[in-house]
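The values are calculated or read from the model by the stated rules, or taken from the named source; none is laboratory data. Because the structure is a prediction, the values reported are computed rather than measured. Cβ placement follows ideal geometry from the backbone for every residue including glycine, while neighbour counts extend to all protein chains displayed.
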Amino acid sequence: MIYLIGIDIGGTNIKYGYFSLNGELLSSYKIPTPAENVLKNIVKFFNENFSLQDCQGIAIGVPGIIVNNQLIRRPNNINCPLNLLEELQSLIPSSIPLYFINDANLAAYGEFFHNERRQSSAVMITLGTGVGGGIIINKQLIEGRAGKAGEIGHIVAPTNHKTVCGCGEFNHLESYIGSKQLILRYEKLTKQTHQSIASIVEALKNKDSSAELVFNYLVKKLIYLIKTLDTILNPEIFIIGGGVAEAFSEQLLPALQKFLDPSIDVCLAKLKNQAALYGAYYYLKYQLNHGV
Ligand SMILES: [Zn+2]
């Protein structure tokens, strides 16, 4: 049977998905991301679980900066060689096309094709430890000149305070609404430590005023982000995903819709932690049918 393989290399786990040509996820696997030699582990896993003979393509999501299939900046905390593509290509049959794509972009691609309300364009906003995203125009991922398109967490937020972003610059949205920052804000307000996004959601359900302040702060910053992106790209749909969006899944959409123009279509992501695997499938389908 002919099939396609998607791989999602994350800081904690590497996920593998094995798809039929018509998009059925035949099986998926998850192994802990090895501290040493990601590459050898991928190939070892292939040899133990798949016969590569019938594989028509492999797409791999990596949380680094990638341009034209080349890893330009290696992901934090993952031992990934910069020449990942060449190394992997030397280990698997040369007849199998291999693609490397930024993992957030791949997740956006998966969510885009899985969403029945889209036709050709979408912006995905991923709310988690960081704030990321992906832009799709005319069904194509927009990666940009240096692979940074869609890094929407690094848009400067309007503020009177000064924060330093993980990237070293000032006042980026991620430094306000990344999950750690939201938790810190809640801990300051409640003067309690060891809080989590889940505990904020719980408190919000009980109409706790500190949780409401934190949630409203998140919504305000998101509205700024969505309006900014809508001015520039005006996509058919905004898809919001990531762990923080999942945690606030009951409250987020109604809160956003209250303040956004009704013509702006916003929905929640559906594929959750399998988005990048499905993205790999759709990416391969698109590449194999249209050429690179
Ligand atoms: Zn930044």
How do the pairs read when you match residues in the range 264-276 that are closer than 14 Å to SER249 by Cβ with residues anywhere that are in a loop (DSSP other than H, G, I, E, B), using Cβ under 6 Å and keeping only pairs 6 or more apart or on different chains? LEU268/SER249
Any idea how many residues of the range 265-292 are out of contact with any Leu (no Cβ under 9 Å at 6 or more places or on another chain) and among the hydrophobic types (A, V, I, L, M, F, W, C)? 2
Just to be sure, is HIS194 in a loop (DSSP other than H, G, I, E, B), within 16 Å of the ligand (Cβ to nearest atom) and without any contact (Cβ under 8 Å) to a residue 24 or more places away in the chain? no
Quick one: in the range 171-191, which of the residues that are modelled with pLDDT of 95 or more and over 19 Å from LEU252 (Cβ atoms) is farthest from the ligand (Cβ to nearest atom)? LYS191
Hey, can you tell me all the residues within the range 152-170 that are near the ligand (Cβ under 10 Å from one of its atoms) and either within 22 Å of the chain's Cα centre (by Cα) or free of Cβ contacts under 8 Å to residues at least 12 places away in the same chain (or both)? GLY153, HIS154, ILE155, VAL156, VAL164, CYS165, GLY166, CYS167, GLY168, GLU169
Of the conditions (1) in contact with a Cys (Cβ under 7 Å, 6 or more places away or on another chain); (2) free of Cβ contacts under 8 Å to residues at least 24 places away in the same chain, the single one that ARG117 does not satisfy is (2)
Being under 17 Å from the mean Cα position of the chain (by Cα) and of a type in the set (Lys, Arg) narrows it down to one residue among LYS30, LYS15; which is it? LYS15
Among (1) buried (at least 17 other Cβ atoms within 10 Å of the Cβ); (2) touching a residue at least 24 places away in the same chain (Cβ under 8 Å); (3) not in a loop (DSSP other than H, G, I, E, B), where does PRO235 come up short? (3)
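On the basis of being more than 20 Å from ALA255 (Cα to Cα) and charged (D, E, K, R), does LYS221 make the cut? Show your work before the answer.
Numbers: more than 20 Å from ALA255 (Cα to Cα): no; charged (D, E, K, R): yes.
No, not satisfied.
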